[in-house]
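Okay, structure first, notes after.
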Amino acid sequence: MLPGFLTRAVELLLGREGRSLHVKAAGAATAVLGVVMLIGSWAVVVAEHAALRANLRTYPQALWWSIETATTVGYGDFFPVTFGGRVIGTVMMIVGITTYGMVTAALATWFVGREQKRRHHLAHRAEELTEETVHALHERFDRIERMMAGKDE
C-alpha cells in the first residue's frame, strides 16, 4: 500500500505538464527527503539497536527523530549514539536543509514571477492607454486646426 502511495505522490509532484523547472526541482527534492527520512529511520534503528545508551530503538521513534533532524528542530528527545547513527543524522540534516532551501527558493521565485507578470501587464496597459491618448490628442488637434482654418466639419 505504501509504495503505491509513494508512486502516486511522486507522479503528482513531478508529472504535470507545464510546471516550471523550479517547482519540479522542489517537488523532486521533497520526494527525495521523504525517501531519505523513511530509509534513514530504518537505518538508524539498525545502527543503534545494539548500542548501550541507544534511545532510537523503534521505527516510530526513529521516524520522529528523522523529522526533527530534517527540519533542524532537534528537540533532543531522541538522538543517535553510534558513529553510524550520527552519519545517518548528518545525511538527514544535509538533505533536509537542502530541501527546505529549494522549496523556499521555489516559493520566492513564484512570488517574484507573479509580481513581474503583474508589472508587465500594468506597463503594457499603460502603453496602450498612452497610445490611445496620443491618438485622441492628434485627432483633436487636427480638428482644431481645421476649425481655425475655417474648414469646420
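The values are calculated or read from the model by the stated rules, or taken from the named source; none is laboratory data. The structure displayed is predicted, hence computed values, not measured ones. Glycine also receives a Cβ, built like all others from the backbone with ideal geometry; neighbour counts cover every protein chain displayed. Calculation scope for accessible area: heavy atoms of the full protein, side chains included, ligands and nucleic acids excluded. Shrake-Rupley method; radii C 1.70, N 1.55, O 1.52, S 1.80 Å.
So here's what we get for this one:
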quantity	calculated
Every residue from the stretch 101-121 that is open to solvent by 100 Å² or more (accessible area, probe 1.4 Å) and either touching a residue at least 24 places away in the same chain (Cβ under 8 Å) or not in a helix (DSSP H, G or I) (or both)	Trp110
The listed residue being modelled with pLDDT under 90 and either under 21 Å from Ala29 (Cβ atoms) or touching a Phe, Trp or Tyr at 6+ places or on another chain (Cβ under 6 Å) (or both), out of Thr99, Thr133	Thr99
Residues being under 23 Å from Arg53 (Cβ atoms) and either within 20 Å of the chain's Cα centre (by Cα) or part of a loop (DSSP other than H, G, I, E, B) (or both) - total across the stretch 71-100	12
Long-range neighbours under 7 Å by Cβ, at least six apart or interchain, first residue in contact (Cβ under 8 Å) with a residue 12 or more places away in the chain within the stretch 52-68, second outside any helix (DSSP H, G or I) and open to solvent by less than 40 Å² (accessible area, probe 1.4 Å)	Arg53/Val81; Ala54/Val81; Leu56/Pro80; Ala62/Leu56; Trp65/Leu56
Residue that is farthest from Ala28 (Cα to Cα), among those in the stretch 58-77 that are surrounded by fewer than 20 Cβ atoms within 10 Å (Cβ to Cβ) and at pLDDT 90 or above	Thr58
The listed residue being in contact (Cβ under 8 Å) with a residue 24 or more places away in the chain, within 25 Å of Ser20 (Cβ to Cβ), of a type outside the set (A, V, I, L, M) and out of contact with any Pro (no Cβ under 9 Å at 6 or more places or on another chain), out of Thr82, Thr98, Thr72	Thr98
Selection within the stretch 122-144 - acidic (Asp, Glu), open to solvent by 90 Å² or more (accessible area, probe 1.4 Å) and under 49 Å from the mean Cα position of the chain (by Cα)	Glu127, Glu131, Glu132
Qualifying positions in the stretch 1-55 - acidic (Asp, Glu) and either within 30 Å of Phe83 (Cα to Cα) or modelled with pLDDT of 85 or more (or both)	Glu48
